[in-house]
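In what follows, a structure is listed as structure tokens, so that the remarks can point back to it.
The values are calculated or read from the model by the stated rules, or taken from the named source; none is laboratory data. Given the structure is predicted, the values throughout are model-derived calculations rather than measurements. When we count neighbours, we look across all protein chains shown, and the Cβ atoms used for this are built from the backbone with ideal geometry, even at glycine. The protein model used for the area step is the full one, side chains on, heavy atoms only, and it has no ligands, DNA or RNA in it. Shrake-Rupley method; radii C 1.70, N 1.55, O 1.52, S 1.80 Å.
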Amino acid sequence: MFYQTNAKIKKKFYTNGIFMDLNEIRQERNRWFSWKNILPIYEKVQKTKQIDIKNVYIENGDWFKVGNKSDFSDQELEEILSCAKKLIPWRKGPFDVCDIKIDSEWQSNIKYNIIKNHLNIENKLVADVGCNNGYYMFRMLENKPKKIVGFDPSPLFKLQFDFVNHFAKSDIIYELLGVEHIEYYEHKFDFIVMMGVLYHRTDPISTLKSLARAINPNGEILIDTFMIDGEDDMVLTPKDRYSKIPNVYFIPTVNALKNWLVRAGFSDFEIIDIKKTGFDEQRATQWSFEQSLEDYLDATNPDKTVEGYPAPKRVYLKATKK
């Protein structure tokens, strides 16, 4: 077996008229680590995980720092660096692993600093949907949640998480499951974070309904998603790509987003922030891709994408399940 989940498994779950065997899905996705493009990375991470951690060292700041360089031999540090490079591209971060600065494409600390004072999660069951490599989950540890579960069906992101968590030794649970599975999970949640996922869904209202079914009464969600300006209940539907992203389907005004949430069973909306994505937040680095936000915008007018749509702007919103 390539990966053992920490979650307790039940046989099947029956929700909303559908049977969902999470154990079967986990076993199938566990085999993803044997894909020919993933297996060498998996083996590299497993080798690095053999390095003994004598002292768990964490600094929970903008750069999530784990590991103290002085605790490791030169050979071990070379192995750690080699593994970090094997895991490129790093989209979310930044991370500092044993003084190795992993400067990710997204400076996710900017987004986290927007939401951190709105995370009412102490001693609560928390889910991060679309958790990527776990940057936000690691940062949320400072709020002392009862439990954090990440959902993301990407073997590369999971391996990046495993690499960092080998040094952090957290009890975060990472599931290779998607938002479509969360309502069938072994338990419900008190607080769900979903950052940068909704516009990738072909049916955003159904996605929000899934979150509602996965939350305990009076539970909260905190999401961020692309938006367009305007007071009308309107939605932009890109013809093919948006900012060179192929799987962006619906970009609402704030009022349209609220309408989606009402239909899904949420109320008590709090607009935390509305922010245009800047070059300080998303940019190409040696740890990511050769292209980034600067290449996705019109070279003569940065207020437009290369396709001619309004440049990326995000709304950060919090809501409560009715």
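Within segment 165-189, restricting attention to residues that are among the acidic types (D, E) and open to solvent by less than 30 Å² (accessible area, probe 1.4 Å), the residue that is farthest from I80 (Cα to Cα) is E183. As for segment 304-320, it holds at least one residue that is open to solvent by less than 70 Å² (accessible area, probe 1.4 Å), touching a Pro at 6+ places or on another chain (Cβ under 8 Å) and not in a loop (DSSP other than H, G, I, E, B). Run down I221, I182, I205, I215 and say which single residue is more than 27 Å from P238 (Cβ to Cβ) and β-branched (V, I, T). Answer to the selection: I215.
Checked against (1) surrounded by 13 or more Cβ atoms within 10 Å (Cβ to Cβ); (2) more than 18 Å from P89 (Cβ to Cβ); (3) of a type in the set (V, I, T), T285 passes all but a single condition, namely (2). Can you tell me which residue in segment 202-253 is surrounded by the fewest Cβ atoms within 10 Å (Cβ to Cβ), limited to those that are among the hydrophobic types (A, V, I, L, M, F, W, C) and more than 28 Å from M20 (Cβ to Cβ)? Within segment 202-253, the match that is surrounded by the fewest Cβ atoms within 10 Å (Cβ to Cβ) is M234. Just one of (1) modelled with pLDDT under 95; (2) open to solvent by 50 Å² or more (accessible area, probe 1.4 Å) fails for F13. It is (2).
Name the residue that is most open to solvent (accessible area, probe 1.4 Å), counting only residues in segment 259-278 that are part of a helix (DSSP H, G or I) and either on the phi > 0 side of the Ramachandran plot or in contact (Cβ under 8 Å) with a residue 24 or more places away in the chain (or both).
First, the residues of segment 259-278 that are part of a helix (DSSP H, G or I): 259-264.
Subsequent filtering for residues that are either on the phi > 0 side of the Ramachandran plot or in contact (Cβ under 8 Å) with a residue 24 or more places away in the chain (or both) retains 259-261, 263-264.
Working: N259: 65, W260: 29, L261: 0, R263: 175, A264: 11 Å².
Looking at the filtered set, the residue picked out is R263.
Being over 17 Å from the mean Cα position of the chain (by Cα), within 21 Å of P40 (Cβ to Cβ) and open to solvent by less than 30 Å² (accessible area, probe 1.4 Å) is a condition met by no residue of segment 133-145. Of everything listed in (1) in contact with an Asp or Glu (Cβ under 6 Å, 6 or more places away or on another chain); (2) more than 30 Å from K69 (Cα to Cα), the single unmet condition for L177 is (1). Has segment 32-50 got any residue that is loosely packed, with under 15 Cβ neighbours inside 10 Å, of a type in the set (F, W, Y) and either touching a strand residue (DSSP E or B) at 6+ places or on another chain (Cβ under 7 Å) or on the phi < 0 side of the Ramachandran plot (or both)? Yes, segment 32-50 contains a residue that is loosely packed, with under 15 Cβ neighbours inside 10 Å, of a type in the set (F, W, Y) and either touching a strand residue (DSSP E or B) at 6+ places or on another chain (Cβ under 7 Å) or on the phi < 0 side of the Ramachandran plot (or both).
Would you check if there is a residue in segment 80-101 being open to solvent by 50 Å² or more (accessible area, probe 1.4 Å) and of a type in the set (V, I, T)? Yes: segment 80-101 contains one or more residues that are open to solvent by 50 Å² or more (accessible area, probe 1.4 Å) and of a type in the set (V, I, T).
Checking each residue in segment 289-303 for being in a loop (DSSP other than H, G, I, E, B) and either among the aliphatic types (A, V, I, L, M) or exposed (fewer than 13 other Cβ atoms within 10 Å of the Cβ) (or both) picks out E290, Q291, A299, T300. For D128, the criteria (1) acidic (D, E); (2) open to solvent by 10 Å² or more (accessible area, probe 1.4 Å); (3) touching a strand residue (DSSP E or B) at 6+ places or on another chain (Cβ under 7 Å); (4) not in a helix (DSSP H, G or I) hold in every case but one, which is (2).
Summed over segment 110-125, the residues that are touching a residue at least 40 places away in the same chain (Cβ under 8 Å), open to solvent by 20 Å² or more (accessible area, probe 1.4 Å) and of a type outside the set (A, V, I, L, M, F, W, C) give a count of 4.
Listed here are the residues, each with its yes/no results for (1) under 26 Å from K146 (Cβ atoms); (2) acidic (D, E); (3) modelled with pLDDT of 95 or more; (4) part of a strand (DSSP E or B).
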residue	(1), (2), (3), (4)
L177	yes, no, yes, no
T202	no, no, yes, no
D229	no, yes, yes, no
K239	no, no, yes, no
